[in-house]
Amino acid sequence: MARAMFEYTKEVLKKVSFDVALFTKEVQKATKFLLPYELEELKDFILNLVQINPELKPSLYYLEG
């Protein structure tokens, strides 16, 4: 089930990547229910998105530490 949440989170983030505030809000929500190793994978996923949409970079703050 947890893997399904990770995949769902990635799909949501792709769909809201047009809006930095909404994207950041979804990243914050993801940090509450994803497992630590999934958060690392999510960070890699977001880093790839940041290459396309640099304005999303501030959302990485919520995945640090």
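Computed from the coordinates by the stated procedures, all read-outs in this text should not be read as laboratory data. Keep in mind the model is a prediction, meaning the values are calculated, not measured. Methodologically, a virtual Cβ is constructed for each residue, glycine included, from the backbone with ideal geometry; neighbour enumeration extends over all protein chains shown.
What to note about this one:
- Convex hull volume of the C-alpha atoms in the stretch 2-63, normalised per residue: 65 Å³.
- Loop sites in the chain: GluC sites (Glu not before Pro), DSSP, at most 15 other Cβ within 10 Å: Glu64
- Panel order for Ser17, Ser59, by other beta carbons found within 10 Å of each beta carbon, from fewest to most: Ser17, Ser59.
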